Amino acid sequence: MKVLPFPCIRPVPERAAEVAALPYDVFDRAEAAAYVADHPLSFLAIDRPETQFAPDADMYAPEVYARGAELLHERIDEGIYQADPSMSYYLYELTQNGRTQTGVVAICSVDEYDRGIIKKHENTRAEKERDRIEHIRALGCQTGPIFLTYRDEPVLSFILAQVKTGQALYDFTDEEGVRQRVWEVRRPESVEAIREMFARVPCAYIADGHHRTASAMRVAHEMRAAAQEADTYTGKEPFNYFLSVLFPASELTILPYNRVVSDRAGLSVDELIARIHEAGFTVEPSSEPVESTEVGVMGLFTAGSWYRLSFTPELASAVAQAGPVESLDVSVLQDRVLGPILGIGDPREDARISFVGGIRGTAELERRAGADGVAFSLCATTIDQLLAVADADLLMPPKSTWFEPKLRSGLFIHRIAR
């Protein structure tokens, strides 16, 4: 793979903790506005520039994106950010609940994504892409790193461990209790060693950030076409690459991505349970919320009560013989319950379904389901399942994986236009 160092725009060390922000899409509009009001220097103000306007303003208006670009330039002029001219890699270490993962911050090739060397496992929605497309166009920068993973390369891991024996550039603990440490890799011999080791890695996988990737690809192709039309294209332009953080697969943690349907599709509780039983599940009442850690086991919450759903032997046998997508618990739930029983034909488009991921637990499922809805808790998809789906050039159902901890935005920015 072509995984390259780049000249990074980044916060000065004493400001890193203050500006680092959770990804733009974990906030709704009101939450983003409230957070920026309390943290005015947070990168979220740039990532979600509608926070600088009245609550009823059109958040997708051109002047909103222009304000994001102005804020970035203001922060650079004020010395909060610096434009580092050196061609560097960065190591980005996150430690949560005693578990550590270390990624390489770099730029990856648009062409390698187009050729399938960088693999995806989810479809994207055009309306979600448009916002980030306009954001990249206005700023002339990629600000949200794509979370990539690769199968472990022991020699590369050894090189990265040696780099981490040096002084960290950033070292702080964020509001979620995640320790964030960053090292800059600038020495030519270290840069070349990392570059050469990634050249031995045959492919990478998008773990998180499919919409950000699709948006970056769209802008890159637009800029490439414009340069070719003007007869100025060289192939070395920054827009031919996209900002990434690459983690070895063995270090990653995937949490469940649960489902909530707003109603029971006209069924009584007894009718719903009977239909689910007919679909191949045993259904047992549970006195406690069901948080599954076992493939083939799910939780069901409706009308104030929890139930434990398990594959019957017949269903388990059928699933064991299914393909890498059809055998996922999220697929079984969709194909046997959400679609035929609750009428969720396309979970990407149906407003009746919502998704609850990560550390938001069963209490959140109960709150969202309320008196009339249905919530399902699922076992987390494994990293091996993700890699198998991507290797087969297949796609998972939407919202199949939730990675923790989330990468912070605002620590690394890749400029693609002047």
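The values are calculated or read from the model by the stated rules, or taken from the named source; none is laboratory data. Bear in mind that the values here come from a model prediction, so they are computed numbers and not experimental data. Positions of Cβ are generated from backbone atoms using ideal geometry, with glycine treated the same way; all protein chains shown enter the neighbour counts.
Of L41, L72, all but one fail to be within 18 Å of V12 (Cβ to Cβ), in contact with a Cys (Cβ under 9 Å, 6 or more places away or on another chain) and either hydrophobic (A, V, I, L, M, F, W, C) or in a helix (DSSP H, G or I) (or both); the exception is L72. Could you check segment 39-62 and list, in sequence order, the residues that are over 20 Å from the mean Cα position of the chain (by Cα), in contact (Cβ under 8 Å) with a residue 24 or more places away in the chain, more than 20 Å from I133 (Cβ to Cβ) and surrounded by 15 or more Cβ atoms within 10 Å (Cβ to Cβ)? Hit for segment 39-62 is L41, nothing else.
Scanning segment 26-38 for residues being crowded, with 17+ Cβ neighbours inside 10 Å and not in a loop (DSSP other than H, G, I, E, B) gives a total of 4.
If you filter segment 8-17 down to residues that are more than 22 Å from the chain's Cα centre (by Cα) and assigned to a helix (DSSP H, G or I), you find that the one that is surrounded by the fewest Cβ atoms within 10 Å (Cβ to Cβ) is E14. Taken as a whole, the structure places D152 among residues that are farther than 17 Å from A16 by Cβ and acidic (D, E).
For beta carbons closer than 6 Å, sequence separation of 6+ or different chains, a first residue in segment 377-401 that is farther than 15 Å from D208 by Cβ and without any contact (Cβ under 8 Å) to a residue 24 or more places away in the chain and a second that is of a type in the set (F, W, Y) and surrounded by fewer than 20 Cβ atoms within 10 Å (Cβ to Cβ), there are no qualifying pairs. Would you pick out the residues in segment 297-322 that are of a type outside the set (A, V, I, L, M, F, W, C) and either modelled with pLDDT under 95 or within 15 Å of H277 (Cβ to Cβ) (or both)? Passing the criteria: T302, Y307, R308, S310, T312, P313, E314.
Per the conditions (1) within 19 Å of F6 (Cα to Cα); (2) in contact with a Ser or Thr (Cβ under 8 Å, 6 or more places away or on another chain), the sole criterion not satisfied by Q180 is (1).
If a residue must be under 28 Å from the mean Cα position of the chain (by Cα) and either outside any helix (DSSP H, G or I) or surrounded by fewer than 20 Cβ atoms within 10 Å (Cβ to Cβ) (or both), how many such residues does segment 306-329 contain? Within segment 306-329, residues that are under 28 Å from the mean Cα position of the chain (by Cα) and either outside any helix (DSSP H, G or I) or surrounded by fewer than 20 Cβ atoms within 10 Å (Cβ to Cβ) (or both) number 8. In this structure, does I273 turn out to be at pLDDT below 95 and hydrophobic (A, V, I, L, M, F, W, C)? The answer is no for I273. Cβ-Cβ distances below 6 Å connect the following pairs, each with a first residue in segment 222-247 that is surrounded by fewer than 22 Cβ atoms within 10 Å (Cβ to Cβ), a second residue that is assigned to a loop (DSSP other than H, G, I, E, B) and at pLDDT 95 or above, and a separation of six or more residues or different chains: A227/Y233; P238/I416. Exactly one residue out of S377, S317, S331 is out of contact with any Pro (no Cβ under 7 Å at 6 or more places or on another chain) and not aliphatic (A, V, I, L, M), and it is S317.
Quick check: anything in segment 98-106 farther than 22 Å from E153 by Cα, at pLDDT 95 or above and of a type in the set (A, V, I, L, M, F, W, C)? No - not one qualifying residue is present in segment 98-106. Meeting the requirement of 3 or more residues that are within 29 Å of R99 (Cβ to Cβ), the helices (runs of 4 or more DSSP H) wholly within segment 110-197 are 154-163. Restricting to segment 342-381, and then to whatever is under 15 Å from the mean Cα position of the chain (by Cα) and surrounded by fewer than 16 Cβ atoms within 10 Å (Cβ to Cβ), can you tell me which residue is farthest from S327 (Cα to Cα)? So the residue we want is I359.
Here segment 58-92 is the region considered, the condition is being touching a helix residue (DSSP H, G or I) at 6+ places or on another chain (Cβ under 9 Å) and within 28 Å of I359 (Cβ to Cβ), and the residue that is modelled with the highest pLDDT is L91. Say whether the condition of being surrounded by fewer than 17 Cβ atoms within 10 Å (Cβ to Cβ), more than 30 Å from the chain's Cα centre (by Cα) and modelled with pLDDT of 95 or more is met by at least one residue in segment 257-266. Yes; the residues of segment 257-266 include at least one that is surrounded by fewer than 17 Cβ atoms within 10 Å (Cβ to Cβ), more than 30 Å from the chain's Cα centre (by Cα) and modelled with pLDDT of 95 or more.
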